[in-house]
Amino acid sequence: MEDMRKTLQDARRIVVKVGTSTLTHETGKLNLGRIEVLVRQLADLSNQGKDVVLVTSGAIVVGTSRVGLSGRPRTTKEKQAMAAIGQGILMQVYEKIFAEYGCVVAQILLTKADIDNGKRYQNAINTFNMLFELNVIPIVNENDTVAVEEIEFGDNDTLSAYVASLVKADLFIILSDIDGLYTADPRTDKEAELISLVPEITPEIEELASEAGGALGIGGMSTKITAAKIAVGAGIPMVISNGENPAVIQKIIAGEEVGTLFLPKQG
Ligand code: GLU
């Protein structure tokens, strides 16, 4: 089964989701060193002729730190305002660093309503396809400004799994602040072991996903399992790995045994 790792080398279209805790420091400001490495990895994949999509979080946290609010915004309208401020900052930084490597980027903001509505879904597919044809790297986030509780994904893990399915990705990578799925919570249990391969998402696997998220991000392991179910159900292999050093992307694609690989459903 570990041979499955080697097949990741052939992935032509790759969606990479990066969480807030990977992209920012505890101050709420961008971790530029890490973003620089992330961008270099993605630019290099694009240079190899692969289609790359980046799903980025971080807008709310970065916006909050920019206006100097202390603590996390609590109300929906506060979060929406912070996202509106932070999203521009995120894009400005991505645009600048990707441009240094000769890559063009595009911003795509989606809501759950866009995924649920056949016409908008098709429009999104058309836009992605045009961008791929032009060799442009789409950078996706939830459209937090208009997404309210009933219609929001609420976390970019779920959003990115839908995006992977929408663009018919060959590989979906989630970079988080944890090495992958463990047999127990590694923060509290020393015996916890990393699970390298999940051939099927059984009820036991779902149970392993604890509710706790990172200090800044929203998604914990349970949203990652939800994302994995969507991805493998759409026939897409998914890897969860630690984004501490985004150079791990290269290792995943080289077929090295890092993080947790969820195998796609066959047929
Ligand atoms: N869309 C939110 C943001 O960019 C992040 C959601 C998440 O962390 O999953 O701030």
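Read-outs throughout are calculated quantities, based only on the coordinates presented, and are distinct from any laboratory measurement. As the structure is a prediction and not an experimental result, all values here were calculated from the model. Cβ atoms come from the backbone with ideal geometry, glycine included; neighbour counts cover every protein chain shown.
Treating only the Cβ of Lys, Arg, Asp and Glu as charged (+1, +1, -1, -1), what charge dipole size does the chain show about its Cα centre? Round to the nearest 20 debye.
The dipole magnitude comes to about 860 debye.
Report, in deg cm²/dmol and to the nearest 500, the calculated mean residue ellipticity at 222 nm for the chain, where each DSSP H run with n ≥ 4 adds -39500 (n - 2.57) and the sum is divided by the residue count.
-13000 deg cm²/dmol
Of the cross-linked pairs Lys17/Lys168; Lys17/Lys224; Lys17/Lys96; Lys17/Lys190; Lys77/Lys229, which ones have a Cα-Cα span greater than 21 Å in the structure shown?
Beyond 21 Å: Lys17/Lys190; Lys77/Lys229.
Determine the distance separating the Cα centre of the range 125-202 from the Cα centre of the range 35-85; give it in Å without decimals.
The range 125-202 and the range 35-85 have Cα centres spaced 14 Å from each other.
Charges only on Cβ, +1 for Lys and Arg, -1 for Asp and Glu: so what's the dipole of the range 45-138 about the Cα centre, in debye to the nearest 20?
With only Lys, Arg, Asp and Glu charged at Cβ, the dipole is about 460 debye.
Using +1 at the C-beta of Lys and Arg and -1 at the C-beta of Asp and Glu, which of Phe262, Ile60, Gly86 has the Cα lying farthest in the positive direction of the dipole of the chain?
Gly86
Between Ser176 and residues 5 or more places away or on another chain, which pairs have amide H atoms under 5 Å apart, with H built 1.01 Å from N, and which residues are they?
Distant-sequence amide H within range of Ser176: Ser241, Asn242, Gly243.
Tell me, Kirkwood radius of the chain from alpha-carbon pair distances, in Å?
Result for the chain stands at 18.5 Å.
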